[in-house]
Every structure is written in C-alpha cells, then in structure tokens.
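The structure appears below as structure tokens.
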Amino acid sequence: MKRTRRLLGVLLAVATVTLAVVPAAQGAIFERFRFVDEPYSFEEEICGIEVEIEGTASGHTRVRAGTGKRATAFFDHTNVEFSETWTAANGNFVTVTGNFNFNETKAVPLGGNVFRFTSVESGQAFTLSDSQGNLVLRESGSIHFGLIFDTLGDATPGGVVIEELEPRLNGQHQGFFDEDLCPVLVPLLSGP
C-alpha cells in the first residue's frame with residue numbers, strides 16, 4: 001500500500017484532500033479551486049532508501065458536501081498533472097511524472113460517521129525516468145481504492161482513516177507495488 005500513501009502525499013501537498021466521497025449528482029459544491037505549479041516536498045523511505053521528493057503540481061479540485069445519510073461526508077474530484085524528483089542521499093535521482101483524474105465515486109454508510117469509500121484514479125498515473133531522462137516505467141489504466149473512513153461528524157472536510165482496503169488494478173501498473181518498483185528503482189538510486 002506504499003503507492004496509496006505516495007498518491008495521497010501528492011494530493012495532500014497540492015490541495016486539502018478530504019478523503020471522503022460523493023456521487024457527482026449529490027450535494028452542493030463546498031469548495032472549488034485551481035492550482036498551478038504548486039510546489040511541494042517531503043521525505044519518504046521508498047524501497048529501503050530515504051529519498052527527498054520535490055515536485056510541482058497543477059490541476060483543479062472540486063469538493064462536494066454530502067446530503068442525507070452522507071451529510072458529514074465530503075467528496076473530492078481532482079484532476080492533477082505533476083512532476084517530481086526523487087533524490088537519494090548520495091545525489092542519485094529519478095524523475096516521476098503523472099497526469100491523472102482522482103474521483104471519489106461511492107460512499108456506503110457503516111454506522112455513525114463511518115463510511116466505506118470507493119475512489120478511482122485513472123489516466124497516466126506514473127512514469128519513472130532515470131537521471132538521463134530515459135523512460136524506465138510507465139503506468140496507465142485505472143486503480144479502484146477502498147477506504148474505511150470516520151468523518152468525525154462535523155461540517156468540515158477531513159477525518160480519520162480507519163483502514164485502507166486492497167486496491168483493484170486495471171491496465172498497466174509496473175510501479176504500483178514495491179515488489180515491481182524496487183528492482184528497477186534501487187539500482188538507479190543506489191548505484192555509483
């Protein structure tokens with residue numbers, strides 16, 4: 001599930017992502033905004049290597065408020081294009097780019113303020129290039145994420161992730177799981 005956390009890191013860095021869901025026809029628009037070349041940076045361990053991730057993202061986000069049984073849920077739809085550099089302590093780096101649509105599509109009430117949310121990421125979500133600009137990995141298709149989430153029952157986006165459910169992949173996803181990504185990434189970042 002490392003990829004889920006990396007995806008959410010990008011989304012959280014460029015917009016206040018709500019991690020809640022609503023069908024497009026439900027609820028009023030709570031917030032809508034665009035972002036252009038929004039910078040972000042954070043550190044993360046990927047494949048056992050500490051990397052500094054620095055990037056920029058552009059896109060737009062729309063957050064809808066839920067209604068009825070989903071009144072405490074907020075639903076995100078984000079389209080984003082990003083480019084980032086992953087740099088190891090030895091100075092070796094790779095470039096990661098992507099262009100995807102992230103749409104929270106379904107919320108199932110589980111009791112109280114807890115919901116099982118489904119979201120779909122589609123597009124060219126991930127490309128990995130070495131330091132010379134050679135394309136090494138490319139992903140495209142869709143990923144269906146599931147999440148058990150407590151909205152905390154208030155009138156603001158956000159809450160607490162209770163459980164990340166196993167994602168369902170459609171298409172080409174060579175870099176999604178660490179067991180596929182690491183054999184390619186580690187030599188690029190740890191080499192001479």
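Near ASP130: Cβ cut-off under 15 Å, other residues only, Lys/Arg at +1 and Asp/Glu at -1. The net charge is 0.
The distance between label points at GLN124 and HIS60 comes to 2.1 nm (points 7 Å beyond Cα on the Cα→Cβ vector). Ellipsoid semi-axes for the range 92-168, based on the Cα gyration tensor and the rule √(5λ), read 33, 13, 10 Å when sorted largest first. One decimal place: the segment PHE177-SER131 gains 14.4 nm when fully extended, by the rule 0.36 nm per residue minus the C-alpha distance.
Based on C-alpha pairs under 8 angstrom that are at least 6 apart in sequence, the range 2-189 has a relative contact order of 19 percent.
Mind checking the log10 I(q)/I(0) for the chain at q = 0.12 Å⁻¹? Debye, one equal scatterer per Cα, no solvent, two decimals. Computed log10 I(q)/I(0) values: -0.59.
Between GLU31 and GLU166, what length comes free when the chain is fully extended (0.36 nm per residue of separation minus the Cα-Cα distance, one decimal in nm)? My answer for the length gained is 45.7 nm.
Under the convention that each Lys and Arg Cβ holds +1 and each Asp and Glu Cβ holds -1, the size of the dipole of the range 2-189 around its Cα centre is about 980 debye.
Summing Lys and Arg as +1 and Asp and Glu as -1 over all other residues whose Cβ lies under 14 Å from the Cβ of PHE149 gives a net charge of -3.
Specify the angular offset, from 0 to 90 degrees and rounded to the nearest 10, of the alpha carbon long axis of helix 178-190 from the longest principal axis of the alpha carbons in the chain. Computed tilt is about 40 degrees. The string of couplings for the range 147-157 from the Karplus curve (6.51, -1.76, 1.60, θ = phi - 60°) is 8, 9, 9, 9, 6, 6, x, 9, 9, 10, x Hz, one whole number per residue in order, with x for Gly and Pro. The long axis of helix 2-14 is offset from the longest Cα principal axis of the chain by roughly 70 degrees. Quickly work out the ILE148-to-GLU52 label distance, labels modelled 7 Å from Cα along the C-beta direction, and quote it in nm with one decimal. Going from the GLU52 label point to the ILE148 one covers 3.9 nm.
Laboratory data are not the source of any read-out in this text; all were calculated from the coordinates shown. Values in this document were obtained by computation on a predicted structure and should not be read as measured data. Reconstructed Cβ throughout: ideal geometry from the backbone, glycine too, with neighbour counts over all protein chains shown.
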